[in-house]
Amino acid sequence: MLETLSGNDMKNFYDFTLKELEDFLKAQGKQRFRAEQLFRWVYQKGVTNFDEMSNLAKDFREEVKTLIEFNLPKVTQQLDSVDGTRKFLMAVEGSKEIEAVLIPNGDRLTLCVSSEVGCAMGCKFCFTSKMGLMRRLNASEIIGQFLNASQSLTDGRRITNIVFMGMGEPLDNVQNVMRAIEVIHDQRGIGFARRKITVSTSGLAPQIKHVAESGVRLAISLNATTDAIRDQIMPINRKYPLEVLLRACKEYAIETKEMITFEYVLLKGVNDSKEDAYRIVKLTRGIPSKINLIPFNEHPDSGFTRPPSREVADFQKILMGLGKHVLVRKTMGRDIFAACGQLRSEMERHPEKMAIN
């Protein structure tokens with residue numbers, strides 16, 4: 001239960017799950033059912049002015065104004081790609097910024113959200129990792145990315161999918177990520193289907209159980225087929241090597257009966273050999289899964305290069321020939337540094353645009 005307020009200590013509405021809001025209001029001597037009323041006004045009707053919440057008692061409206069405020073990340077910049085991708089830069093607490101990306105694909109409109117400012121995982125091919133970890137986001141700052149992106153849509157479109165694949169490692173901030181998912185899914189709030197939400201991890205094996213418990217889908221950033229290579233490009237592998245990670249994946253699949261997505265960033269001359277393709281099949285045997293191949297997206301001073309399209313197609317052909325369900329992820333938003341692995345809000349010489357040949 002949350003603590004009773006004192007003085008001018010206001011709580012941010014968007015940091016509450018429904019249960020937490022019920023407990024908070026009860027601690028202030030208010031009826032618990034008021035929490036559901038507030039959730040419906042804010043998340044379903046978009047009303048944040050207490051005076052407009054007509055089914056709330058007037059006395060309660062006046063009192064709740066002294067208890068709760070509404071704070072969301074502020075959109076400081078919006079960039080639109082030539083391919084329809086839209087990137088948002090948002091200001092969060094501590095004078096920091098994060099990025100969220102809207103990605104169109106036919107009837108689907110996917111929002112890629114961030115869970116941290118920066119990232120502590122240190123993956124060598126990821127632009128965000130160069131920032132290091134600055135801080136973890138609150139639930140309100142995660143939910144705010146969805147609300148801000150939704151409000152930017154003026155043509156009748158709606159977000160159809162959410163992926164936790166933006167800045168940061170979601171399972172390094174598991175408590176706030178899961179609280180945000182609970183709010184986003186709650187049918188008395190936003191009402192987003194759990195099966196339309198995917199949480200990606202670089203390999204925090206012990207935390208995968210929380211993804212299973214939340215009922216959302218799991219994606220694994222695999223990116224190497226031997227511990228030797230994965231140790232080099234993904235330092236988390238030294239703590240949770242492939243055997244440990246894949247065991248956790250099997251446990252997730254058994255518990256949820258869901259298919260796992262294995263993401264594989266292709267780095268020329270590093271992890272893109274024919275032998276790597278055969279090892280992917282061996283490693284994922286017995287795990288209901290699909291493979292997303294992601295040709296590396298360039299960024300300044302990365303030290304890696306993108307394999308030619310022909311070599312990517314050959315790699316895919318080997319996997320498909322061995323019975324795997326394989327997709328090559330279409331690169332979206334690369335010209336505005338919104339593609340996979342390119343997100344980074346704070347850096348010297350941060351380019352807004354890059355030339356695409």
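Miscellaneous remarks
- Subset of segment 177-222 (residues that are farther than 20 Å from Met121 by Cβ and either in contact with a Pro (Cβ under 9 Å, 6 or more places away or on another chain) or in a helix (DSSP H, G or I) (or both)): Arg179, Ile181, Glu182, Val183, Ile184, His185, Arg194, Arg195, Lys196, Ala212, Glu213, Ser214
- Odd one out for Ser202 among (1) within 25 Å of Met320 (Cβ to Cβ); (2) in contact (Cβ under 8 Å) with a residue 60 or more places away in the chain: (1)
- A single member of Leu72, Leu38, Leu56 is in a loop (DSSP other than H, G, I, E, B), out of contact with any Pro (no Cβ under 7 Å at 6 or more places or on another chain) and open to solvent by less than 20 Å² (accessible area, probe 1.4 Å), and it is Leu56.
- For the residues Lys19, Lys65, the requirement of being closer than 18 Å to Ile184 by Cβ and surrounded by fewer than 19 Cβ atoms within 10 Å (Cβ to Cβ) singles out Lys19.
- Residues (in a helix (DSSP H, G or I) and open to solvent by less than 70 Å² (accessible area, probe 1.4 Å)) located in segment 42-53: Val42, Tyr43, Phe50
- No other residue among Phe304, Phe315 is at pLDDT below 95 and among the aromatic types (Phe, Trp, Tyr) apart from Phe304.
- Candidate set: segment 94-121, residues that are over 27 Å from Arg238 (Cα atoms) and among the hydroxyl-bearing types (Ser, Thr, Tyr); chosen: the one nearest to the chain's Cα centre (by Cα): Thr110
- Checking segment 54-68 against the condition returns a match, with at least one residue being modelled with pLDDT of 95 or more, farther than 16 Å from Leu153 by Cα, touching a helix residue (DSSP H, G or I) at 6+ places or on another chain (Cβ under 9 Å) and among the acidic types (Asp, Glu).
- In segment 104-162, residue surrounded by the fewest Cβ atoms within 10 Å (Cβ to Cβ) [restricted to those that are β-branched (Val, Ile, Thr), modelled with pLDDT of 95 or more and not in a loop (DSSP other than H, G, I, E, B)]: Thr110
- Each residue in segment 19-35 was checked for being of a type outside the set (Phe, Trp, Tyr), more than 16 Å from Glu62 (Cα to Cα) and part of a helix (DSSP H, G or I), and 7 of them qualify.
- Within segment 223-258, if we keep just the residues that are over 19 Å from Asn292 (Cα atoms) and assigned to a loop (DSSP other than H, G, I, E, B), the residue that is most open to solvent (accessible area, probe 1.4 Å) turns out to be Lys257.
- Residues that are farther than 18 Å from Tyr264 by Cβ and crowded, with 20+ Cβ neighbours inside 10 Å, drawn from segment 193-203: Ile197
- First in segment 132-152 and free of Cβ contacts under 8 Å to residues at least 40 places away in the same chain, second anywhere and outside any loop (DSSP other than H, G, I, E, B), Cβ under 6 Å, 6 or more apart: Gly132/Gly118; Leu133/Gly118; Ile142/Ala180
- Hits in segment 177-191 (condition: closer than 17 Å to Arg158 by Cα, in contact (Cβ under 8 Å) with a residue 40 or more places away in the chain and open to solvent by 10 Å² or more (accessible area, probe 1.4 Å)): Ile190, Gly191
- So Thr85, is it among the β-branched types (Val, Ile, Thr), at pLDDT 95 or above and crowded, with 17+ Cβ neighbours inside 10 Å: no
- Taking every residue in segment 271-299 that is within 26 Å of Glu258 (Cα to Cα) and of a type in the set (D, E, K, R) and pairing it with any residue that is open to solvent by less than 20 Å² (accessible area, probe 1.4 Å) and part of a loop (DSSP other than H, G, I, E, B), at least 6 positions away or on another chain, the pairs with Cβ-Cβ distances below 6 Å are Asp276/Thr225; Arg279/Thr225.
The values are calculated or read from the model by the stated rules, or taken from the named source; none is laboratory data. What you see is a predicted model, and the numbers here were worked out from it, not measured in a lab. Positions of Cβ are generated from backbone atoms using ideal geometry, with glycine treated the same way; all protein chains shown enter the neighbour counts. The accessibility values were calculated without ligands, DNA or RNA, using every heavy atom of the protein model including side chains. Shrake-Rupley method; radii C 1.70, N 1.55, O 1.52, S 1.80 Å.
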